[in-house]
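A.B. asks: Provided herewith is a single structure, encoded as structure tokens, for subsequent inquiry.
Any read-out appearing in this document is the output of simple, stated calculations on the displayed coordinates, not a laboratory observation. Every value quoted in this text rests on a predicted model; they were computed, and no experiment measured them. We place every Cβ from the backbone using ideal geometry, glycine too, and count neighbours over all the protein chains shown.
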Amino acid sequence: MRPLKLRPLSLVVEPDLDNPYEVGGLLNPAAARGPDGELYLFPRMVAQGNFSRIGILRVLFDHDGDPCGVERLGIALEPEMPYELRSNGEGGCEDPRVTYVEPLKRYVMTYTAFSPEGPRIALADSTDLFTWHRLGLATFVPHDGIEFNDVDNKDAAGFPQTITNPSGQQELAILHRPLFPGTAPDELVEMDGDRDVDLHRESIWISYTAVVAPKSDPHQLRHFTSHHRLAAPVSPWESLKIGSGTPPVMTRHGWLIVYHGVSDAASPDNPEHRFTYSAGVMVLSEEHPQHLLYRSRTPALVPRPSEGPRGTPSNVVFPTGIDRRVDIGEPHRYDVYYGIDDFRIGVARLDVPEVLPNHATKDPPGAVT
């Protein structure tokens, strides 16, 4: 069978360069259906000085049900807390993911706080998508001697339902990818020859937190007490780094995520390093999400040739939002919203087939722990 692929749709959302909040880009949006059934995007809005806010857009659809435009509605979050601000004037609430968490009967946003110590995962919640309450920075209990708290971390995305934790209990969970020292793409690309992948320090992780009653302290949602390692780089298109992307959604085969991988676009004709961000698909077991049922051998979506904001070739697609199209009677169609070239927003269609292709490699050959 053919591998799962994403087909780009015609909508591309450009930043409004007359808006001082967007002059540096409008990108990497979360996506969620509101209580009114409308689809809302929550993009990163980049102002001068690398100061990022999270905006709110309403998606408009044409007669065929395809997204055809957006309406700007304001700001969801902007840097206010000490963990979102830096002394040099920079700051950021960035790259959100939004999930409606059924046991809590509310939306939970995971986003990157551009803190004085570096990027960190922060959480907020809402009942209507317009008023958000900060829950603070995520904290993590160590795992097998591995410390997550003082490590750069971002691209977190939450499950909408409870899943089985390492002890067999049902808990809420997020995907995340800690960026341990020495594992950034610009560091790994300088290594000569083949390298052994460090499974503990180059993987996407699942981390778990106890379910809290809606009327109890929601700040407990940010404390993660157990962990499963999910997947490390395997294929050439993700050789330098993988990270989580869209929040998990339940399909007829299990939990589906669209994630990102990083590779080096250098060639004999052009030996200069230039990172390419592509998108792939994973399907995880419904009962035990740490088990992979399917994983992209080749990218499901690659950057289109185009010119970026500074006249450079586009080399980034970065998936962050997903919308199941039950609104038009197509429950196996998913629209994936993604950042393009760290500057604008695109959307692509993913159709989930009746039978999954047979491929689920979890760990690379020669990996080390």
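A.B. asks: With +1 on each Lys and Arg Cβ and -1 on each Asp and Glu Cβ, and nothing else charged, work out how big the dipole of the stretch 195-256 is about its Cα centre, in Debye to the nearest 20.
C.D. replies: 160
A.B. asks: Follow-up question, since we're still on this one. Taking the Cβ of each residue in Tyr83, Tyr334 as the centre, tally the other Cβ atoms inside 10 Å and list the residues starting with the fewest.
C.D. replies: Tyr83, Tyr334
A.B. asks: Further question: In 10 Å bins starting at zero, report the fraction of Cα pairs in the chain per bin as a rounded %.
C.D. replies: 5, 25, 37, 26, 7, 0, 0
A.B. asks: Could you tell me the extents of the stretch 204-258's C-alpha atoms along the three principal axes, largest first, rounded to whole Å?
C.D. replies: Its Cα atoms span 47, 27, 15 Å along the three principal axes.
A.B. asks: Pick from Lys105, Lys154, Lys241 the residue whose mean-square fluctuation is largest in a GNM of the chain, springs joining Cα atoms under 10 Å.
C.D. replies: Top of the fluctuation ranking is Lys105.
A.B. asks: Would you list Glu84, Glu187 from fewest to most Cβ contacts within 10 Å?
C.D. replies: The fewest-first ordering by Cβ neighbours comes to Glu187, Glu84.
A.B. asks: Additional query: Do the sum for the chain: with -39,500 (n - 2.57) for every DSSP H run of n ≥ 4, divided by all residues, what is the mean residue ellipticity at 222 nm, to the nearest 500 deg cm²/dmol?
C.D. replies: Theoretical 222 nm ellipticity from helices: 0 deg cm²/dmol.
A.B. asks: Could you work out the mean projected area of the convex hull around the alpha carbons of the stretch 314-364, in square nanometres to one decimal?
C.D. replies: Computing the convex hull of the Cα atoms and averaging its projections yields 5.4 nm².
A.B. asks: Pick from Leu188, Leu129, Leu104: which is most flexible by mean-square fluctuation in a GNM of the chain where alpha carbon atoms under 10 Å apart are linked?
C.D. replies: So, out of Leu188, Leu129, Leu104, the one fluctuating most is Leu188.
A.B. asks: Spelling out what I want: for every residue of the stretch 238-253, take phi, set θ = phi - 60°, compute 6.51 cos²θ - 1.76 cosθ + 1.60 (Karplus), and round to whole Hz; glycine and proline get x.
C.D. replies: 10, 5, 8, 4, 10, x, 5, x, 6, x, x, 10, 7, 10, 5, 9
A.B. asks: Which of the peptides 25-35, 319-329 is most tightly packed, and how do the rest follow, going by the mean number of other Cβ atoms within 10 Å of each residue?
C.D. replies: Highest mean packing first, the order is 25-35, 319-329.
A.B. asks: Okay, next question. Roughly how many nanometres apart are two label points built 7 Å out from the Cα toward the Cβ at Ser87 and Gln220?
C.D. replies: If labels sit at Ser87 and Gln220, their model points lie 3.7 nm apart.
A.B. asks: Ordered by packing density, taken as the mean number of other Cβ atoms within 10 Å over each peptide's residues, highest first, how do 108-114, 206-212 rank?
C.D. replies: 108-114, 206-212
A.B. asks: If you average 1/r across every pair of different Cα atoms in the stretch 1-122 and take the reciprocal, what Kirkwood value do you get, in Å?
C.D. replies: When all Cα pairs of the stretch 1-122 are included, the Kirkwood radius is 15.7 Å.
A.B. asks: Let me ask you something else. Convex hull volume of the Cα atoms in the stretch 87-198, per residue, in Å³?
C.D. replies: Dividing the Cα hull volume of the stretch 87-198 by its residue count gives 141 Å³.
A.B. asks: Which order, highest average first, do 86-93, 348-355, 54-61 follow once you tally other Cβ atoms within 10 Å for each residue and take the mean per peptide?
C.D. replies: 54-61, 86-93, 348-355
A.B. asks: Could you calculate the contour length gain from Asp144 to Glu80, that is, 0.36 nm times the residue separation minus the distance between their Cα atoms, to one decimal place in nm?
C.D. replies: Net length gain for the segment: 19.6 nm.
A.B. asks: Now a separate question. Taking the Cα centre of the chain as origin, work out the dipole magnitude from +1 charges on Lys and Arg Cβ and -1 charges on Asp and Glu Cβ, in debye rounded to 20.
C.D. replies: Using only the charged Cβ atoms, the result is roughly 780 debye.
A.B. asks: Near the amide H of Ser239, under 5 Å away, which other amide H atoms are found, from residues 5 or more places off or on another chain, if H is placed in the peptide plane?
C.D. replies: Answer set, sorted by chain and number: Val262.
A.B. asks: Among the lysines in the chain, how many pairs, 8 or more places apart or on different chains, have alpha carbons under 26 Å apart?
C.D. replies: Summing the qualifying lysine pairs gives 8.
A.B. asks: Along Cα→Cβ, 7 Å out, is where each label goes; now give me the distance between the ones at Thr131 and Asp194 in nm to one decimal.
C.D. replies: Output for this residue pair reads 5.9 nm.
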